[in-house]
Amino acid sequence: MVRWIGAIIGLVFRGWMGGIAGYVIGMLIDNLFFNKNTGTTSGRNSAPFGSQEQTVTPGDFELNLLSLCSIVIKADGQVSQREMDYVRQYFVQAYGKERANATFRTFNEVVKKREINAQRICSYLTQRTRREVRLQIVHFLFGIAQADGTVSTSEVNQISQIAGYLGLSRGEFESLKAMFFKNADSAYKILEVEKTATDAEVKKAYRAMAKKYHPDKLQHMDEAYRAGAEEKFRNVQDAYETIQKERGI
């Protein structure tokens, strides 16, 4: 952006040569102060959630994530203190107490001024975050719903809708859901295969899921998100081990 501003200013005051010089100077400023891949100021937490096309600032990401949290918390018509405590603990672990408190204060101010729209929020995040981040968001939302010991149908339906808005497939949603709802088919759902799958298909699915949920994919994010990635990865490993024991492979 700076390079084009420099080019325009140079063109206006010095003609074409000034425009070229302005562009070069602007490019140097861009490279010095901005991250070429993210388009934001450089630093560990400057824009760890962005894709190559568009980015989301950490502050916007936190506020939008908190908005999705509030939707899930209110999905069953009750506001559970344990669910709220779960969210607060997660944010403190991810960002530190001071920053988390600042985010909550900002959220309280913003939420009074506008209606929270899940589809609009998810559309915004889908354009600006990597798929693995969106998978972690849905995993986190299930954790909130489970925090009070009971996951209601309305909460599951709300998370399902959010997952769809975030561009996740039905299989991905069912895989994440199965990590919280254990039954005879959970292991297969986690690996995104049918119970009728062959041993070779199960092994192939395990390798694909282990790669998909590997914690290294979220190394650019804060501690809480990395912990969530490790939890999902363990669930995939446990699911495969369960099927191995069941089939004797």
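The values are calculated or read from the model by the stated rules, or taken from the named source; none is laboratory data. These numbers were taken from a predicted model, which means no experiment stands behind them. Neighbour counts run over all protein chains shown; Cβ positions are idealised from the backbone, glycine included. Protein only, heavy atoms only, side chains kept; ligands, DNA and RNA dropped before computing areas. Shrake-Rupley method; radii C 1.70, N 1.55, O 1.52, S 1.80 Å.
What do you get for trypsin sites (Lys or Arg not before Pro) in region 151-214 restricted to DSSP loop and a cutoff of at most 14 other Cβ within 10 Å of the site's Cβ? All intermediate terms of the calculation are to be shown ahead of the outcome.
Values: sites: ARG170, LYS177, LYS182, LYS189, LYS195, LYS203, LYS204, ARG207, LYS211, LYS212; in loops: LYS182, LYS195.
Here the sparse-neighbourhood loop sites are LYS182, LYS195.
In this label model, GLN161 and GLN237 are separated by 3.7 nm, measuring between points 7 Å along each Cα→Cβ vector. When nucleic acids and ligands are ignored and a 1.4 Å probe is applied, ARG99 ends up with an accessible area of around 80 Å².
Note on ARG131 and ASN108: their simple-model spin labels are 4.0 nm apart, each label 7 Å out from Cα toward Cβ. With all protein chains in place and ligands, DNA and RNA left out, the 1.4 Å accessible area ranks GLU83, GLU231 as GLU231, GLU83, largest first. Label zone of GLN89 (point 7 Å out along Cα→Cβ, amide N under 17 Å): in region 145-169 this covers 145-151.
For the set SER152, SER123, solvent exposure ranked by accessible area (probe 1.4 Å, protein chains only) runs largest to smallest as SER123, SER152.
Considering only Cα-Cα distances, which of the following residue pairs are longer than 26 Å: LYS97/LYS212; LYS97/LYS189; LYS97/LYS177; LYS195/LYS232; LYS97/LYS182? Spell out each step's value before the answer.
Details: LYS97/LYS212 31 Å; LYS97/LYS189 36 Å; LYS97/LYS177 29 Å; LYS195/LYS232 20 Å; LYS97/LYS182 33 Å.
Where the Cα-Cα span goes over 26 Å, the pairs concerned are LYS97/LYS212; LYS97/LYS189; LYS97/LYS177; LYS97/LYS182.
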